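A short write-up of the structure that comes next.
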Amino acid sequence: MWFFARDPVRDFPFELIPELPEGGPPGPWALHRGRKKATGNPVSIFVYDVKPGAEEQTQVAKAAFKRLKTLRHPNILAYIDGLETEKCLHVVTEAVTPLGMYLKARVEAGDLKELEISWGLHQIVVLGRDGSFCPQKALSFLVNDCSLIHNNVCMAAVFVDRAGEWKLGGLDYMYSAQGIGGGPPRKGIPELEQYDPPELADSSDRVVREKWWVTGGSMPQPALSWRPLQPQDP
């Protein structure tokens with residue numbers, strides 16, 4: 001009698017639309033458009049291919065997979081389903097577009113308004129006049145409720161859903177704000193490392209200063225026209 005192993009990717013209830021989106025975010029994940037087989041409903045599928053000699057990056061990807069499954073917040077990318085095999089990881093989320101692609105399309109169409117950018121940034125992080133984080137936003141939730149430092153806040157970590165709401169993703173390089181489990185994982189991707197805070201090697205008051213950095217210094221792309229918030233600002 002012959003026994004044939006089931007193909008978990010083939011049996012997965014979601015399928016990829018083969019072409020990759022042009023200008024997808026840098027990092028270990030490839031972002032695909034996808035759909036649910038039973039209904040045809042659109043989704044996004046992040047795919048990580050396990051490669052020999054990349055054990056460190058694979059562990060980072062697996063940690064991001066687990067975190068996205070458990071971190072539920074309206075301003076964080078919504079997890080739907082996932083698949084983990086020896087060869088790959090598939091993470092299914094709500095249908096989203098990388099922020100860079102979204103802004104480019106809006107600019108080319110002449111539809112991008114300053115208010116839209118302000119509202120999008122508001123969904124990710126807002127600083128109050130006293131320097132504290134306003135409640136219920138993505139970074140505030142991670143830092144204050146989960147004691148986690150995102151460590152990767154940049155345009156590549158932000159996505160836009162079909163309603164135009166901005167969602168925070170890019171959870172690969174998070175670490176404990178309380179120092180549990182060591183410091184931040186190594187990125188090894190120059191496009192992402194350029195947004196590391198200057199004081200990353202200094203552990204004396206890293207958490208406090210990173211709170212300031214991620215609110216402005218790590219999204220300096222011209223499309224946002226946004227500068228780091230200064231302590232003397234009103």
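The values are calculated or read from the model by the stated rules, or taken from the named source; none is laboratory data. Keep in mind that this is a model prediction, so the values were computed, not measured. For neighbour counting, all protein chains shown are included, and Cβ atoms are generated from backbone atoms with ideal geometry for every residue, glycine included. All accessible areas refer to the heavy atoms of the entire protein, side chains included, with ligands and DNA or RNA removed. Shrake-Rupley method; radii C 1.70, N 1.55, O 1.52, S 1.80 Å.
Brief remarks follow.
- Other residues lying with their Cβ under 11 Å from the Cβ of ARG33 contribute a combined charge of -1, Lys and Arg counting +1, Asp and Glu -1.
- Contact order for the range 46-130, expressed relative to its length and based on alpha carbon pairs under 8 Å spaced 6+ residues apart, stands at 28 percent.
- Loop trypsin sites (Lys or Arg not before Pro), the range 65-104, which have at most 16 other Cβ atoms in a 10 Å radius of their Cβ (DSSP): ARG72, LYS87
- Modelled spin labels at LEU112 and CYS88, positioned 7 Å past Cα toward Cβ, are 3.2 nm from each other.
- Summed side-chain charge close to ASN75 - residues other than ASN75 whose Cβ falls under 13 Å, Lys, Arg +1, Asp, Glu -1: -1
- In a reduced charge model with +1 at each Lys and Arg Cβ and -1 at each Asp and Glu Cβ, the range 63-177 shows a dipole moment near 120 debye about its Cα centre.
- With the simple model of a label 7 Å out from the Cα in the direction of the Cβ, ALA30 to ALA163 spans 3.2 nm.
- Extending 7 Å from the Cα toward the beta-carbon at both HIS122 and GLN178 defines two label points whose distance is 3.3 nm.
- Per residue, the range 67-120 exposes 54 Å² of solvent-accessible protein surface, assessed with a 1.4 angstrom probe and all protein chains in place.
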